[in-house]
């Protein structure tokens with residue numbers, strides 16, 4: 001198997017913790033992983049992305065070539081569109097529907113939504129509202145991961161186990177909130 | 001055991017497992033995570049390895065030399081421009097040689113993700129006659145550390161290890177050792193006659209190191225990290241040559257491999273240890289009609305291989321086949337390979353292997369066009385950041401002057417150049433704000449303002465301030481103190497709690513030294529002080545001090561967790 005994933009959003013939105021869970025699940029399966037991250041200046045409210053590649057065979061490039069990404073997971077709708085040239089013809093876009101407006105020329109949301117809806121496989125979710133409604137306001141990113149589970153081709157139970165391992169040191173309450181978020185996300189994507 | 005590690009983390013763990021006794025570094029993207037990993041590592045803490053941040057790269061390099069002098073292994077880490085700061089001890093460390101192993105880890109930043117230039121540190125290695133390593137994978141980065149320390153001690157020379165942003169900041173699964181080598185014991189083997197670089201000693205050492213270069217190149221030829229793959233096809237019958245050989249170094253090697261999932265059919269040479277093994281290059285030249293050179297950074301190998309000849313059968317950055325600037329990507333390498341292969345001769349030659357389809361270049365994948373609705377999202381100062389209040393106050397006062405000039409420096413506050421502030425007129429290198437403001441004042445500019453962060457001030461601003469004080473230059477220096485090295489993620493800042501006494505010690509007059517708290521409610525006081533000091537014709541220093549909002553949030557969170 002081979003899955004190429006682009007994780008994106010705005011600096012500070014927590015895309016790297018999504019990557020950590022997927023990476024943990026993949027490593028536990030003895031898969032090969034390469035994950036290029038953005039550190040440094042862009043993290044100050046700029047656009048950030050991470051290229052995550054998992055495969056049963058050795059991986060050459062740390063970066064995903066254009067047209068090869070199986071999934072784009074985005075914490076922000078316009079940011080999902082930024083990486084369209086990397087999406088494969090049959091690829092999935094799993095995105096938060098809530099714009100993060102920290103620039104004066106943010107495009108009209110109707111235009112953004114229209115462009116998203118033209119893509120073959122899109123799941124757009126108001127993860128922040130869902131997280132608030134369910135009393136897990138800090139686990140919005142795990143809702144997004146739950147929604148992406150099927151597109152990622154990773155067993156649900158394996159993602160759940162990865163969440164347990166990664167968040168274990170933060171206590172049961174944090175683990176439970178994130179597992180609840182994963183389940184909510186999965187239900188959204190059906 | 002297996003661990004999922006950033007390239008930087010693999011380097012750090014490799015060093016610890018190689019019997020490191022101390023890491024010396026100043027934070028700089030993309031190298032920062034190496035030292036941070038060592039600071040947090042359980043074994044490093046148990047062993048009491050030195051890992052505290054240094055004031056700048058020069059103090060770091062020199063401390064590492066001191067540790068080496070006493071027989072122990074030291075690692076120095078920095079970003080590429082940091083090597084400029086420590087160029088003096090770095091270049092001269094080849095003259096002194098080393099006792100305990102020294103590895104100088106430099107992280108280059110092609111595409112300038114977080115930097116002001118694209119300089120390629122391999123040139124420094126060549127120039128200083130220091131052997132250089134360039135890993136192409138995180139596993140290699142880990143393995144190379146043990147090799148580099150051993151080799152440094154064997155050759156009595158420091159070793160330069162060059163990585164680039166993609167290697168530093170990309171994770172992969174790395175097979176690591178279960179046990180760490182012991183640290184070296186302290187010894188007294190260092191010979192003063194090598195370490196005292198009086199001309200007579202230095203001449204002798206220079207002859208020795210120069211003579212050593214032949215051996216270093218021979219070692220690179222036999223290095224486990226340099227590869228020469230013959231390729232799995234037979235050469236052309238009439239001249240016994242292959243159509244296209246490829247030389248790829250460091251991470252660029254991965255992009256070539258990505259283009260040929262079934263393996264490259266012709267000779268492929270991977271360079272990860274320098275001096276460049278010329279014998280291997282000659283072998284490829286003899287066996288291939290054409291050569292393509294793929295390297296991340298400046299055309300370092302290519303320049304050497306081309307020499308002064310204008311070879312039309314050689315492709316790389318100098319002939320425009322690959323872009324001269326910016327970071328390589330798998331797409332750029334694939335497109336360039338397509339360009340070369342679609343040239344008539346190569347195409348004809350490649351077609352003679354038509355029987356085996358798998359060796360063809362993969363088609364460029366069909367992809368979606370870039371969205372026309374996406375707009376840039378540049379980084380910005382955080383909401384609640386004290387630098388914002390500093391620029392608000394400064395801009396308000398400077399409106400009253402005809403031609404004010406504000407000399408900026410390196411840090412988060414460089415973002416003050418962007419809207420809405422548009423507050424600075426220069427940013428060159430660490431510390432240049434103060435010295436440039438002084439030079440501008442010397443030229444007759446008034447008002448001349450310097451804006452510098454706390455960590456940058458202790459890194460390279462103090463000496464410039466002394467110059468200004470000695471001539472009572474007509475400048476106003478703003479040391480925007482957020483109690484941390486913020487841009488790189490909040491590392492300790494060397495001068496915290498010492499700035500007033502440093503300024504007094506350098507001779508800044510008490511009545512022209514002010515500390516303010518940059519908050520909107522203090523705007524009247526801050527603007528009054530700035531206005532008064534601009535109108536004072538001599539050196540004044542204003543220190544707006546408020547903790548970085550990022551470290552403030554982190555500390556609040558930690559405190560909350562403790563109280564639970």
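The values are calculated or read from the model by the stated rules, or taken from the named source; none is laboratory data. Just so it is clear, the model here is predicted, and its values are computed rather than measured. Positions of Cβ are backbone-derived with ideal geometry, glycine not excepted, and every protein chain shown enters the neighbour counts.
Report whether or not residue B:86 is more than 19 Å from residue B:179 (Cα to Cα), away from chain A (no Cβ under 14 Å) and under 14 Å from the mean Cα position of the chain (by Cα). In short, yes. The residue that is nearest to residue B:379 (Cα to Cα), among those in the range B:91-118 that are more than 14 Å from chain A (Cβ to nearest Cβ) and surrounded by fewer than 19 Cβ atoms within 10 Å (Cβ to Cβ), is B:117. For the range A:1-59, a residue qualifies if it is buried (at least 18 other Cβ atoms within 10 Å of the Cβ), part of a strand (DSSP E or B) and at the interface with chain B (Cβ under 7 Å from one of its Cβ atoms), and the qualifying residues are A:10, A:33, A:34, A:35, A:36, A:47.
For the range B:132-141, does any single residue satisfy the condition of being under 24 Å from residue B:44 (Cβ atoms), in contact with a strand residue (DSSP E or B) (Cβ under 8 Å, 6 or more places away or on another chain) and more than 14 Å from chain A (Cβ to nearest Cβ)? Among the residues of the range B:132-141, at least one is under 24 Å from residue B:44 (Cβ atoms), in contact with a strand residue (DSSP E or B) (Cβ under 8 Å, 6 or more places away or on another chain) and more than 14 Å from chain A (Cβ to nearest Cβ), which makes the answer yes. Restricted to the range B:146-232, the set of helices (runs of 4 or more DSSP H) holding at least 2 residues that are in contact (Cβ under 8 Å) with a residue 24 or more places away in the chain and either in contact with a strand residue (DSSP E or B) (Cβ under 8 Å, 6 or more places away or on another chain) or within 30 Å of residue B:287 (Cα to Cα) (or both) comprises B:165-168, B:199-221.
Looking only at strands (runs of 3 or more DSSP E) that lie completely in the range B:449-554, which have at least 3 residues being within 28 Å of the chain's Cα centre (by Cα) and buried (at least 23 other Cβ atoms within 10 Å of the Cβ)? Steps first, please.
On the way: elements: B:475-480, B:513-516, B:540-544.
Here the list reads B:475-480.
Residues considered: B:257, B:237, B:230. Of these, the only one that is within 14 Å of chain A (Cβ to nearest Cβ), closer than 26 Å to residue B:311 by Cα and at pLDDT below 95 is B:257.
Cβ-Cβ contacts under 7 Å between residues 6 or more apart (or on different chains), taken from a first residue in the range B:410-429 that is at positive phi to a second residue that is crowded, with 19+ Cβ neighbours inside 10 Å, are listed as B:411/B:453; B:411/B:456; B:411/B:486; B:411/B:487.
Restricting A:69, A:89 to those that are touching a residue at least 12 places away in the same chain (Cβ under 8 Å), under 25 Å from residue B:255 (Cβ atoms), facing chain B (nearest Cβ under 10 Å) and surrounded by fewer than 20 Cβ atoms within 10 Å (Cβ to Cβ) reduces the list to A:89.
Sort out which residues of the range B:1-31 are within 14 Å of another protein chain (Cβ to nearest Cβ) and within 22 Å of the chain's Cα centre (by Cα), and write them in order of number.
First, pick out the residues of the range B:1-31 that are within 14 Å of another protein chain (Cβ to nearest Cβ): B:1-10, B:27-31.
If the condition is that a residue be within 14 Å of another protein chain (Cβ to nearest Cβ) and within 22 Å of the chain's Cα centre (by Cα), then B:5, B:6, B:7, B:8, B:9, B:10, B:27, B:28, B:29, B:30, B:31 are the ones that fit.
Only one of the listed residues (B:390, B:397, B:406, B:375) is modelled with pLDDT of 95 or more and within 30 Å of residue A:110 (Cβ to Cβ). That residue is B:375.
Restricted to the range B:32-45, and to residues that are buried (at least 24 other Cβ atoms within 10 Å of the Cβ) and under 17 Å from residue B:139 (Cα atoms), which residue is nearest to the other protein chains (Cβ to nearest Cβ)?
Our first condition is that a residue be buried (at least 24 other Cβ atoms within 10 Å of the Cβ); within the range B:32-45, this holds for B:32-35, B:38.
From what's left, under 17 Å from residue B:139 (Cα atoms): B:33-34.
Working: B:33: 7, B:34: 12 Å.
The qualifying residue nearest to the other protein chains (Cβ to nearest Cβ) is B:33.
Residue-wise test of (1) surrounded by fewer than 24 Cβ atoms within 10 Å (Cβ to Cβ); (2) in contact (Cβ under 8 Å) with a residue 60 or more places away in the chain; (3) assigned by TED's automatic domain parsing to the domain that holds residue B:161; (4) part of a strand (DSSP E or B).
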site: B:23; (1), (2), (3), (4): no, no, yes, yes
site: B:52; (1), (2), (3), (4): yes, yes, yes, no
site: B:63; (1), (2), (3), (4): yes, no, yes, no
site: B:71; (1), (2), (3), (4): yes, yes, yes, no
site: B:75; (1), (2), (3), (4): no, yes, yes, yes
site: B:78; (1), (2), (3), (4): no, no, yes, yes
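Looking across the range B:412-444, the residues that are over 21 Å from the mean Cα position of the chain (by Cα), outside any helix (DSSP H, G or I) and under 20 Å from residue B:391 (Cα atoms) come down to B:418, B:419, B:420, B:421, B:422, B:423, B:424, B:425, B:426.
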